[in-house]
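Chemist: Quick one: the structure is below, and I'll ask about it shortly.
The values are calculated or read from the model by the stated rules, or taken from the named source; none is laboratory data. Every value quoted in this text rests on a predicted model; they were computed, and no experiment measured them. Glycine also receives a Cβ, built like all others from the backbone with ideal geometry; neighbour counts cover every protein chain displayed. For the accessible areas, the whole protein counts, side chains as well, though only heavy atoms, and no ligand, DNA or RNA atoms are used. Shrake-Rupley method; radii C 1.70, N 1.55, O 1.52, S 1.80 Å.
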Amino acid sequence: MSETLENLLQENRQFPPPEALAAEANVTAAAYDEAAADRLGFWETQARRLTWATPWESVLDWSKPPFAKWFVGGQLNVAYNCLDRHVEAGRGSKVAIHWEGEPGDTRTITYAELHRSVCQAANALTALGVTAGDRVAIYMPMIPEAAVAMLACARIGATHSVVFGGFSVDALSGRIQDASAKVVITADGGYRRGKPSGLKSIVDDAVALCPTIEHVLVVRRTGQEVAWGDKDLWWHETVERASPEHVAQPFDAEHPLFILYTSGTTAKPKGILHTTGGYLTQVSYTHHAVFDLKPDTDVYWCTADIGWVTGHSYIVYGPLSNGATQIMYEGTPDTPHKGRFWEIVEKYKVTIIYTAPTLIRTMMKWGDDIPAKFDLSSLRILGSVGEPINPEAWMWYRKHIGRDACPVVDTWWQTETGGVMISPLPGVTAAKPGSAMSPLPGISADVVDDQGQSVPNGGGGYLVLREPWPSMLRTIWGDDQRFIDTYWSRFEGMYFAGDGAKRDNDGHLWLLGRVDDVMLVSGHNISTTEVESALVSHPSVAEAAVVGATDPTTGQAIVAFTIPRGHVDSEGAAGEALIAELRNHVAKTLGPIAKPRQIMLVAELPKTRSGKIMRRLLRDVAENRSLGDVTTLQDSTVMDLIASGMKSGK
Ligand code: 6R9
């Protein structure tokens, strides 16, 4: 890359924590000082929040970088920490999960009940021949059995590999083959957008390609007809008949806990491997710190799917290790109506919500009047994850969901980092809209230039992590060399995250999107995030995606795909006028260099299942190429619409 990223966007608003929240916060500013004085000692203190069967001998073995070992010699059981210890402490009757099915059916599951189900599933898996170290694939809808399956694997030391329910036969079979999984746990289907979707038939086709699979365990969720073969077993005939007595054995701190595949671009998915002690330490601590979780009074809701790392760390392992009461929701936010999420917040008096910018922007598009119909006064903390949150989306979230009273925590992290790395602390940080602010205590993040030198305040470049952290990935499953090449070779001795970032004049961090998405316009590196945020700051725009397309004069030119807000007239001449206005608005906000060559008004954008905009597909459209791999798209019809709009010049 020729130059580091331009640094265009200016944002001066700042929101200090409410005084009452700060006074009672789980974590105060002292944590930064403690961690700065003794980083490893700080992580030891956090590890002691868990229950260990055998204490560790040393905190970190970093003698063979980049292969880390945390809490060397320590032993613990993850499921014990998430369940048994709460039950043993007399909290068995506390609700662990309030589950809402999309059609409106509900289940309330206490810690004692969840513990019982996990013990039964652990016994059933053991009876099927699954032992510690074996891999189990999980391909499930958002039902409590998905969490039960993960915890049962953890309990017996089997390594789970959760694959998004809804990924294709190819995606599922490829992941099963890569990990040589022995068992698949699935369901007949789940409910999405008011209809039962089929999962079992996809598993059948995948298993036909996967000779390592010995058994398929099937939860009956929808009751739809399914084909039945020799390997198939019903969950209710095996797990629910198994003994609920099970004593959890401790495993080594470095025992493999799970593999989770990141889809990447077109390359083969990477099986990110996470282990036991360091992972649980960091997800448990960060959940306690970033969400200020008070287990006795909070009702926490992370809206992610269990198939995304956010579901692993902040639905299953973080919240349950902390004894939280949480919501789990099966369906989509617009079924049966667009106020569904806010109805759930009102019904359960949710206090902490953790969601993605894509959802916030969608809600902006649908209109302010929808959340206004519900009582959201129980909310006290709002979280965001998955993409940079545009400053105006942050402001909308704070105002229309958080009644201008709740701190917004924008949390930066990755599948690879396992847990949150950069985020405000809700009782400490005076947050700026759109900024993830500072590395958490015990984390050393930096922004460096092409040569790996830290940039000064006001500078931009590449986000790196300078020191190992407890929940870091340990390798790419079966491919140590690719682990080294992908993350540890760009800069000597540092983890390269693949994201662009800038450090503002106060030293706060702003994430600028994937470096692969950066546009090079007349010799200037311009981040997609900043142009998108400039577009979203216009009152007529709900959402925007920006890409660089080849241009004969400027090298690359900026092409923007923009979704107008619900009330905006964008047909015919009104649409033309809006486009002209938006081009000028970007030029005025960021400078003439960032003025888009072309703006298209669209109804939807291509997104992954976890809600990230797939800019590479938009680049294909902008350059009139045929589309690359679309298998991880949430809705593949979106691309047909956008491509036909482009051809007709709309
Ligand atoms: C947790 C998760 C990781 C990539 C990451 C970055 C983007 C996530 C972000 C963010 C800006 C945030 N990302 N959180 N960018 N601000 N708060 O999303 O994991 O699916 O592996 O994606 O997501 O680009 O590198 P994963």
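Chemist: With the other protein chains left in place, how much accessible area per residue, in square angstrom, belongs to the stretch 140-219 at a 1.4 angstrom probe?
Modeler: 26
Chemist: Compute the relative contact order of the chain as a whole-number percentage, counting only Cα pairs closer than 8 Å that sit 6 or more residues apart in sequence.
Modeler: Details: 1439 pairs, mean separation 90.7, N = 650.
The normalised contact order for the chain reaches 14 percent.
Chemist: By how many degrees, 0 to 90 and rounded to 10, does the Cα axis of helix 169-179 deviate from the longest principal axis of the chain?
Modeler: Relative to the chain, helix 169-179 is tipped by roughly 60 degrees.
Chemist: Here's another thing I want to ask about it. Rolling a 1.4 angstrom probe over the protein heavy atoms, how many square angstrom per residue are accessible across the stretch 368-466?
Modeler: That works out to 26 Å² per residue.
Chemist: Which trypsin sites (Lys or Arg not before Pro) from the stretch 46-115 combine a DSSP loop assignment with at most 12 other Cβ atoms within 10 Å?
Modeler: Counting only loop positions with at most 12 other Cβ atoms within 10 Å, the trypsin sites (Lys or Arg not before Pro) in the stretch 46-115 are Arg48.
Chemist: Restricting everything to alpha-carbon atoms, can you work out Rg to Rh for the stretch 499-637 with a Kirkwood hydrodynamic radius?
Modeler: Looking at the stretch 499-637, the ratio lands at 0.96.
Chemist: I'd like the chymotrypsin sites (Phe, Trp or Tyr not before Pro) in the stretch 186-255 restricted to DSSP loop residues with at most 16 other Cβ atoms within 10 Å, sorted by number.
Modeler: Qualifying residues, ordered by number: Trp228.
Chemist: Here is a follow-up. Among the lysines, which fall within straight-line cross-link reach of Lys64, defined as a Cα-Cα distance under 17 Å, with same-chain neighbours fewer than 8 residues apart omitted?
Modeler: Answer for Lys64, where 17 Å is the Cα cut-off: none of the lysines qualify.
Chemist: Another question about this same structure. At a 1.4 Å probe, what is the % contribution of carbon and sulfur to the accessible area of the stretch 55-175?
Modeler: On the way: 1950 of 3730 Å².
Carbon-and-sulfur percentage of accessible area, whole number: 52.
Chemist: Still on this structure, please answer the following. log₁₀ I(q)/I(0) of the stretch 404-455 at q = 0.18, 0.26, 0.31 Å⁻¹, via Debye over equal Cα point scatterers, no solvent, to two decimals?
Modeler: After summing over all Cα pairs, the log10 values are -0.66, -1.05, -1.18.
Chemist: For the stretch 463-496 and the stretch 137-156, compute the distance between their C-alpha centroids and round to whole Å.
Modeler: Centre-to-centre distance over Cα atoms comes out at 28 Å.
Chemist: Next up: Kirkwood Rh over alpha-carbon pairs of the stretch 181-241, then Stokes-Einstein at 25 °C and 0.890 mPa s: what D in µm² s⁻¹, rounded to an integer?
Modeler: 206
Chemist: Which three numbers, in whole Å and largest first, are the semi-axes of the equivalent ellipsoid of the stretch 347-423 derived from its Cα gyration tensor as √(5λ)?
Modeler: Each semi-axis is the square root of five times an eigenvalue, giving 22, 14, 10 Å.
Chemist: Let me ask you something else. Calculate log10 I(q)/I(0) of the stretch 420-509 for q = 0.13, 0.19, 0.21, 0.23 Å⁻¹, where I(q) comes from the Debye formula with a single equal point scatterer on each Cα and nothing for solvent.
Modeler: Scattering profile of the stretch 420-509, log10 relative to I(0): -0.46, -0.90, -1.05, -1.18.
Chemist: When the accessible area of the stretch 340-390 is computed with all protein chains present and a 1.4 Å probe, what percentage of it is carbon and sulfur?
Modeler: Numbers: 820 of 1490 Å².
So the carbon and sulfur contribution to the accessible surface is 55 percent.
Chemist: What's the angle, to the nearest 10 degrees (0 to 90), between helix 637-647's Cα axis and the longest principal axis of the chain?
Modeler: Tilt of helix 637-647: around 10 degrees.
Chemist: When 1/r is averaged over all different Cα pairs and the result inverted, which Kirkwood radius in Å belongs to the chain? Each step should come with its number before you reach the end.
Modeler: Values: mean 1/r = 0.0397 Å⁻¹.
Final number for the Kirkwood radius of the chain is 25.2 Å.
Chemist: So if we plug the beta-carbon distance of Asp629 and Ala89 into 1/(1 + (r/R0)^6) with R0 = 60 Å, what FRET efficiency do we get, rounded to 0.05?
Modeler: 0.80
Chemist: Using alpha carbons only, how many degrees (0 to 90, rounded to 10) separate the axis of helix 111-127 from the longest principal axis of the chain?
Modeler: Roughly 70 degrees, rounded to the nearest 10.
Chemist: May I pose another question? Regarding the stretch 248-326, what whole-number volume in Å³ per residue does the convex hull of its Cα atoms give?
Modeler: Values: hull volume 8.5 nm³, N = 79.
Normalising the Cα hull of the stretch 248-326 by residue number yields 107 Å³.
Chemist: Quick one: Cα centre-to-centre distance for the stretch 519-583 and the stretch 210-260, in angstrom?
Modeler: Answer, in whole Å: 48.
Chemist: Something else about it: List the residues, sorted by chain then number, that are 5 or more residues from Val541 or on another chain and whose placed amide H is less than 5 Å from its amide H.
Modeler: Placed amide hydrogens put Arg565 under 5 Å from Val541.
Chemist: Based solely on its DSSP helices, what 222 nm [θ] is calculated for the chain when runs of n ≥ 4 H residues each add -39,500 (n - 2.57) and the sum is averaged over all residues, nearest 500 deg cm²/dmol? Mind dumping the intermediate values first?
Modeler: Details: 19 runs with 178 residues, N = 650.
Value at 222 nm, helices only, nearest 500: -8000 deg cm²/dmol.
Chemist: Which order, highest average first, do 376-383, 273-280 follow once you tally other Cβ atoms within 10 Å for each residue and take the mean per peptide? Kindly include the intermediate steps, with their values, before the conclusion.
Modeler: Working: 376-383: 20.1, 273-280: 27.2.
Result, highest mean Cβ count within 10 Å first: 273-280, 376-383.
Chemist: I've got another one for you. Show Thr310, Thr126 ordered by accessible area, largest first, where the area counts protein heavy atoms only and the probe is 1.4 Å. Mind showing how you got there, number by number?
Modeler: Working: Thr310 0, Thr126 70 Å².
In descending accessible area the options line up as Thr126, Thr310.
Chemist: Which of the lysines could a cross-linker bridge to Lys338, judged by Cα under 22 Å and excluding same-chain residues fewer than eight apart?
Modeler: In chain and number order, the partners are Lys195, Lys347, Lys349, Lys365, Lys373, Lys399, Lys607, Lys612.
Chemist: When the Cα centres of the stretch 292-328 and the stretch 366-436 are compared, how far apart do they sit, in Å?
Modeler: 16
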